[in-house]
Amino acid sequence: MNGSLADAVSRRRTFAIISHPDAGKTTLTEKLLLHGGAIQLAGEVKARGDRRRARSDWMKVERERGISVASSVMTYDYGDCTFNLLDTPGHEDFSEDTYRTLTAVDSAVMVLDAAKGIEPQTRKLFEVCRLRDVPIVTFINKLDRESQDPFNLLDEVEQSLALNVTPANWPIGMGRSFRGCWDLFEPALVLVNREGNRQAAGGGGRRIPVSGLDDPAVAEHLTAAEIAELREQLEMVQGLCPPFDREEYLAGALTPVYFGSALNNFGVRELLDGLSGMAPQPRPQATRERTIQPEEDKVTAFVFKIQANMDPKHRDRIAFVRLCSGHFRRGMRLKHVRSGKPMVMHNPLLFLAQDRERAEEAWPGDIIGIPNHGNLHIGDALTDGEELHFTGIPSFAPELLQRVRPDDPMKAKHLGRALTQLAEEGAARAFRTRLGSQWIVGVVGALQFDVLADRIRTEYEIPVRFEPTELYTARWIAGGDPARIKAFIDGNSAAIADDHAEDPVFMARNAWHLERAQTDWPEIEFRATKEQL
Ligand code: G4P
């Protein structure tokens, strides 16, 4: 192990923000980047997003529906730490990308709207984090508006997510009478800054270190009634909430809670300081063969997301790769484990808030982009030569199945190629029926159909139609005895299709159809998902 590697690892914080649409994720992201010096003026994340959207044709769906379909990565420095913030799409009809993005982070920030508490999308994303015991810091946003009682909010997090909660700060007033917060970790009064430039990095809150509530400085800023109320509430907090326990937080069993207002740039610095101090450094990663420690000298990495046409001018495809160990350098030759072939990292990219640039080096926890022509797939491992297969990159049962046809029947072959590529990318599942050679596409969220239709039209120039089918589900056929599998396939050819990798799939018409097959063929496995590996 070398010192600079261990040092770089200890300074990395790779995280995502999870929230329901409108809770304030974009606004908070912007303020985090502002503090990190990655952008100069608040407002740029959105402005940049709009510019990018305007440039990219297939993102029309995004524009029309006002949602962000593609997730991205932003790297910035704050204090001693380098933060990699992975964006997750927040709309309800999300796709598998969101889940996969969460496999590449070490912690998450959960943003709640103080008036609304936990909303459906927050809960879904939280459940994914819980599956991997991802530690979560909570940011309760929009305290400048009329909000729910802070105790009720804490209670909701505790009860409905089954998480212990420890407030990191405590709000003084709310809505129009929101004065600021009391810092519970390092006694201080942090007042909403009503003067000066609130959008400057440190501008949202004025921090006044104090020894405790009886410090005369407190009375200089708060009225006697405000102090009395705060005193009472802090006593209740002490009585009701456990003290902060970092081990519990790291195990995903406790969440520290920050109150603030992203729009007013309030509470953001405290949140960042909190993440620097307590959020985990890159975690060890599980593979089928062994657990990889980030401080190992040899480079290991896995692909968690593929994005095509990030820049339509270049028609490129970028594999987002999470580094798990070692010191990565541009020009390195790594083994692409699935194909067994070496790959030279000529042009790795680093994603900064405003741009992407060539990555000369990167460390565990960092995300790099590798432009490629389709040879990198989700779940692929890149190593220094070792045969490793990462586990835990989820693949999902396609719950919605539709038939896809080209408007021009002469384009059927081209459509097949497009679907195969999109399936390799992980954007959808594509199946070709053995009878009739029809293409069926399976997704987990209905919106994916729109995105796919748009991409097939713009990236492959094939206008297509999606049509409903009578199909209930697709199951990959596996099991020990090839002769029995062949017998099943031969006997059910009308319900058999092949996926993009030519693996056989059973297309069930309804629950009964599937059940019947399972009962009649007990030695055959009908798998809801296909391993990415
Ligand atoms: P999202 O990415 O989670 O979907 O939320 P986003 O940041 O876009 O915020 C949703 C709306 O909530 C925005 O208002 C934003 O200005 C507002 N907002 C965010 N943080 C706060 C806060 O601390 N206090 C208050 N009062 N509002 C906040 P909008 O009107 O929908 O958009 P915009 O026109 O302001 O951009």
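The values are calculated or read from the model by the stated rules, or taken from the named source; none is laboratory data. Being a predicted model, the structure only gives us computed values, none of them experimental. Cβ atoms come from the backbone with ideal geometry, glycine included; neighbour counts cover every protein chain shown.
Could you list all residues from segment 162-175 that are out of contact with any Pro (no Cβ under 9 Å at 6 or more places or on another chain) and surrounded by fewer than 20 Cβ atoms within 10 Å (Cβ to Cβ)? Result: ALA162, GLY173, GLY175. The set of residues from segment 75-102 being modelled with pLDDT of 85 or more, over 8 Å from the mean Cα position of the chain (by Cα) and under 14 Å from ILE17 (Cα atoms) comprises THR75, PHE83, ASN84, LEU85. Flag set for SER147, criterion: without any contact (Cβ under 8 Å) to a residue 60 or more places away in the chain and surrounded by 20 or more Cβ atoms within 10 Å (Cβ to Cβ).
The condition of being within 24 Å of VAL105 (Cβ to Cβ), assigned to a strand (DSSP E or B), of a type in the set (Ser, Thr, Tyr) and within 16 Å of the ligand (Cβ to nearest atom) does not hold for THR166.
Condition check ((1) closer than 14 Å to ALA508 by Cα; (2) touching a residue at least 24 places away in the same chain (Cβ under 8 Å); (3) surrounded by 15 or more Cβ atoms within 10 Å (Cβ to Cβ); (4) not acidic (Asp, Glu)) across all residues:
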{"residue": "GLY392", "(1), (2), (3), (4)": "no, yes, no, yes"}
{"residue": "PHE396", "(1), (2), (3), (4)": "no, yes, yes, yes"}
{"residue": "ASP407", "(1), (2), (3), (4)": "no, yes, no, no"}
{"residue": "LYS411", "(1), (2), (3), (4)": "no, yes, yes, yes"}
{"residue": "GLN421", "(1), (2), (3), (4)": "no, yes, yes, yes"}
{"residue": "ALA428", "(1), (2), (3), (4)": "no, yes, yes, yes"}
{"residue": "TRP439", "(1), (2), (3), (4)": "no, yes, yes, yes"}
{"residue": "GLY442", "(1), (2), (3), (4)": "yes, yes, yes, yes"}
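MET310 satisfies every condition listed in (1) within 22 Å of the chain's Cα centre (by Cα); (2) at pLDDT 95 or above; (3) not β-branched (Val, Ile, Thr) except (2). GLU127: within 19 Å of ALA23 (Cβ to Cβ), at pLDDT below 95 and not aromatic (Phe, Trp, Tyr), yes or no? Taking the combined requirement at face value, the residue satisfies it. Looking across segment 130-152 at every residue that is over 15 Å from SER261 (Cα atoms) and in a helix (DSSP H, G or I), the one that is farthest from the ligand (Cβ to nearest atom) is identified as LEU131.
The set of residues from segment 461-490 being assigned to a helix (DSSP H, G or I) and aromatic (Phe, Trp, Tyr) comprises just one member, PHE488. In segment 3-62, of all residues being at pLDDT below 90, acidic (Asp, Glu) and not in a loop (DSSP other than H, G, I, E, B), the one that is nearest to the ligand (Cβ to nearest atom) corresponds to GLU30.
If you go through segment 381-409 and keep only what is among the hydrophobic types (A, V, I, L, M, F, W, C), in contact with an Asp or Glu (Cβ under 6 Å, 6 or more places away or on another chain) and at pLDDT 95 or above, you end up with just LEU388.
Under the condition of being within 16 Å of the ligand (Cβ to nearest atom) and aromatic (Phe, Trp, Tyr), which residue from segment 233-268 is modelled with the lowest pLDDT? Looking at the filtered set, the residue picked out is PHE266.
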